[in-house]
1. Hey, any idea what Rg/Rh is for the range 119-230, computing Rh the Kirkwood way over Cα pairs?
2. Running Debye on the range 419-471 with equal point scatterers at the Cα sites and no solvent, what base-10 log of I(q)/I(0) appears at q = 0.14, 0.17 Å⁻¹?
3. Let's see if you can work this out: charge +1 on each Lys and Arg Cβ, -1 on each Asp and Glu Cβ, no other charges. What is the dipole magnitude of the range 345-506 about its Cα centre, in debye to the nearest 20?
4. Which whole-Hz couplings ³J(HN,Hα) result when phi for each residue of the range 257-269 is put into the Karplus expression 6.51 cos²θ - 1.76 cosθ + 1.60, θ = phi - 60°, listed in order with x for Gly and Pro?
5. May I ask which residue of Phe34, Ala181, Gly61 lies farthest towards the positive end of the charge dipole of the range 16-196, with charges of +1 (Lys, Arg) and -1 (Asp, Glu) on Cβ and the Cα centre as origin?
6. Output wanted: per-residue J couplings in Hz (rounded whole) for the range 222-232, from phi through Karplus 6.51 cos²θ - 1.76 cosθ + 1.60, θ = phi - 60°, x for Gly and Pro.
7. Give me, ordered by chain and number, the residues 5 or more places off Ala488 or on other chains with an amide H under 5 Å from its own placed amide H.
8. Mind jotting down the distance between the C-alpha centroids of the range 152-176 and the range 994-1008, whole Å?
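What follows draws every value from the coordinates through simple rules; no lab data is involved. Just so we're clear, the structure is a prediction, and the values are computed from it rather than from any experiment. Ideal geometry is used to build each Cβ from the backbone, glycine not excepted, and the neighbour counts take in all protein chains shown.
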Amino acid sequence: MPAPGVCLNILSERNLRDGQGSLNNPEKHLDQDFHQLKQFCLKERMRFVDNLFPPEMKSIGMGSLHREDLKRVVWRRPHELVPNPLYMVKETSRFDIIQGNCWFLASVGALTFQKQIMKQVIYDEQNFSVDYAGIFHFKFWRFGSWVDVVIDDKLPTIDNRLIFVHSKHPNEFWPALLEKAYAKVCGSYADMNVGSVSEALMDFTGGPHMIIKLSEAPEKLWDIMTRASQSQSLMGCGTPGGQAGQLQNRVLPNGLVEMHAYTVTGVAEVVFKGRLVKLVRIFNPWGHGEWNRDWSDRSPLWEFVRPEDQKYNVVLDNGEFWMSLEDFCKNFSDLDICCLDVNFLAGTHSSAWKTEVHRGQWVTGTTAGGCSNNQDSFSRNPQFRVTLKETVEDPRDESCPNLLVSLIQKSHKRNRHLSTNFHIGFSIYEVPAHLKDRREKFPASFFKTNPIGKTKSFLNAREVMEFFRFKAGEYLIVPSTFQPNEAASFLLTVYSKTEAVIEDNSGYGITRTKIIPRDNDESFQLFSHYVDKYGEVDAEGLQRLLNENLCAGHSQKRAGFSLDLCKSMVALMDDIFYKMDVSRTGSLSLNELRNALEVTGFMLSDSMLNLMALRYGDFSGEITLENFIVLVLRMDCMANLIHNASTWNWCRTLFTLFKELQGNCWFLASVGALTFQKRFMKQIINDEQNFSVDYAGIFHFKFWRFGSWVDVVIDDKLPTIDGRLVFVQSKTPNEFWPALLEKAYAKVCGSYADMDAGSISEALMDFTGGPHMSIKLSEPSEKLWDVLRRASQSESLMGCGTRGGEAGVLQNNVLANGLVEMHAYTVTGVTEVVFKGRPVKLVRIFNPWGQGEWNRDWSDRSPLWEHVRPEDQKNKVVLDNGEFWMSLEDFCKNYSDVDICCSDVNVLAGSHSSSWETEMHKGQWVIGTTAGGCSNDIDRFSRNPQFRVTLKETAEDPRDDSTNLLVSLIQKSHKRNRHLATNFHIGFNIYEVPAHLKDQREKFPASFFRNARLVGRNDSYINAREIMELFRFKAGEYLIVPSTFQPNEAASFLLTVCSKTKAAIEDGSGYGITRTKIIPRDNDESFELFSKYADKDIFYGKDVSHTGSLSLNELQNALKAAGFILSDSMLNLMALRYSSSTGEMTLENFILLVLRMDCMAMQYILIIFG
């Protein structure tokens, strides 16, 4: 156990420096020591049972077996299954293993080819006879360290047969035990259900990994594969069609299995009719099912090779076969190679490569800065300095790479299926000579220069890797996620052929750059915030408080807190804390904390800043004023102690450390789209929920509602009739997440009945929280195909509806073409096929009923499929499952609209890698004040909320000459139940603010809108939940006015502005109460005099309706005449406080309101001017 107070991360770093995590000294997984546990079991004459991966249902997990089969599982030791169990039967072979996840089997098949690597993983001296105690261990490479994984030998069985991986030899058990150890590392057997062969290959070797896309195969592919087969390398490959690892895959006519992982077991060249032919040998981990075309086992081509090449032709249906290199590239999607020697990947000769491994974290708010599109936050990412020195190279390697950079991400989730890979990458910058002495992190200004090296693209993969060739010099590597504030750990590995020095450039621990003046007395031990009855404390009061409460009662004599020290503390509050609190939340975020500490004279490394935030922040990571002062004082004290002891170097060292059957079609179509985007789905349904572990009949789901994510809690009591679910249900009878999701959404809407008729866009927005675009297909834009294609390639949800009426009515007419009238569908993909030599654009659509398909051109059984290229045939799937293809032209003819919701504005805007900034503003249209209606009535229109937008100049991607501003307006009814809510016709206008009015901070009057230049607006006022438009504006100031079409329509609204240029956006309706003039008043401040003045000149003068009371609009004008300009929100508050139930204000209440505001204004003036 670590010593008290020692951070586990720091302890881990120390262990690594002491050699732990190496191949010969692996870390102990979950702190289990194999040798100690085994000796204890032998001493006590007992068989080991692993309590950390117990022989229980939770170790199998949900999803790998049906619930009925789970109940039949019995965990048995090998000697309970066979009379003479063996760990390994003589020589291991790839043909020994059967049954299991194909990606894991393919990896184990590759492992059996490299005996040295296999020995270090499986410890082949283990057995069931000598010193047997029911305990085994295996070694895997995990995130930069070798770990020793301990298991017991109790294996899951049904009817005395192993369920998962097992050997062809009934008494051989190393494959089953190896799989159990790997399942423990992943979290459970179910966590291994879907995966990539590269993942296990990396965990078996610990070496660098290369992935080759065979559709873009390099010229040197054959050389790479030849070198790999001759070296200690493991190779795997996968067939296209989807994600490798799914067990129920389709066997193609050529014998290959679609979406399947294979092992590459060798390469060879044979002479066929006098010419060389390159062949690749491949192994199907199922042990059967082979390629049946050219160069297969029974191919006639073998009859025409040289006699010495006949040895390669082995006719056995054992899953292993040969194929030509050309057919390999055509029929497989990618090739994964893991090796122990970097020379193999780099194509160099006998050079000695040096390896440096650095661990780090992307932490939300500090070091998770996102890619370089986010210029302001990119510099917050971890930074690593690399110094390459001159060296003498092999002359043959002068054009070969001399640097390999690998970046691996690691999720913070314990279970593999809960982990989400972010899009990761890195950039490399050259450090100029004049900055080589800089030791702190480089600021944002440094990164305005272009990098000299970077990953080709950001990939949502476990690892990205690139080769480079750089001259001697200093470089800066910046690893990052694509989006900011994505939290994960990472491992940066740098292989260099030249001599290299690599260090973390984020600083070391705490660096003191300046001293804040303070008293020499070092007796300060504690500080507690104190507020007097006026909510304030001055330096003298603070001194008295501290000395009386903290110093009193000590036996030792103390000088107490000096006045100078207390003044410094007050200055710390006023001059630093609130100035750095730019978000005006009353607390400091992690980035604001870093800036505040720099002002006080402390430079903290990324890791130290994270530790301080963990120690002094609240649950959300925010630092309050009290904790900020405590932190600074303690760091100041520690810095002084270290300075006096002259042990600064010690300080630096210490801190361097589906498919549903029933329900509303619009909701079903939205859920169908959701299942296509696993990241969105995970954040909505919380897929770790279950009916076994800690089950309490309570579930929760997350939805985006009106600008905020909300967590919705429900019980699991579902409505049924005769034991059958009434509403949404799954085709799998024992699967319940769809029904529970619907119940949670019904709770948000008010009831199940409130979901009866709706628009697919509504649920798509609530599932993503991203911008929404609706495209009328009767008027499709020229860029429709580009928008659909970008959306299908990104994290977007798409839905569409047929013509005839409002989507969502369940009893719809089935048309002759197979489509359902007035029905919602999911768009699941797009593709281009070559039909008789010309490209045809196709759209794939899903009917959420799970049946009923389009039956015309490009349908499942359309004869047009017979005339496409062979590689396009994969798109044709003849299943009556509700999913079908149709041409883009037919799509536009038969559907009324397509809705797209996404997390990336670039998808909608058609721009490239630009970083869009988002601002959200909530507001209200209030009857009588801010519900002014459209610009048909200019006098009323000016009452609407107004928002100022300042667009600044910025450098854009030259390819992005289209839009730079997205404006979205969402309305929200004040009704609780969805069916009672009425959508008004809403819209917005955008005006250019002329130069002479740029300093005006109040609302613009009606006269402004009569002459102002209207530069943008939505196409028309629509009674929809959201309207959205894209614009391109030059730098300048603009005014956005959202409104309903008719005046006096009350609703809340959310205005979202996404800008590609830097933008400052503020509510233009003013702030609080502004006093513009002082009304003369008598010195005795008598009420009668003011009443007479208000009576004659203001109240009745502004009561234009002659009702004897003021409406909200009349009140606003009356207060303006009295010298007060109120913001919209403040006016509504005053009306609520002083008006009658009808919203009208009487003379008495008006006088009371003005007197109180006048008094408050005079007190404020006295405070400011003395």
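1. On the way: Rg = 17.2 Å, Rh = 16.4 Å.
A ratio of 1.05.
2. Computed log10 I(q)/I(0) values: -0.51, -0.71.
3. Working: 21 positive and 17 negative charges, 117 e Å.
Charge dipole of the range 345-506: 560 debye, to the nearest 20.
4. In residue order, the calculated couplings are 9, 6, 6, 9, 9, 10, 9, 8, 10, x, 9, 7, 10 Hz.
5. Gly61
6. Karplus values, whole Hz, x for Gly and Pro: 5, 4, 4, 5, 5, 5, 5, 5, 9, 10, 7.
7. Placed amide hydrogens put Trp362 under 5 Å from Ala488.
8. The range 994-1008 and the range 152-176 have Cα centres spaced 79 Å from each other.
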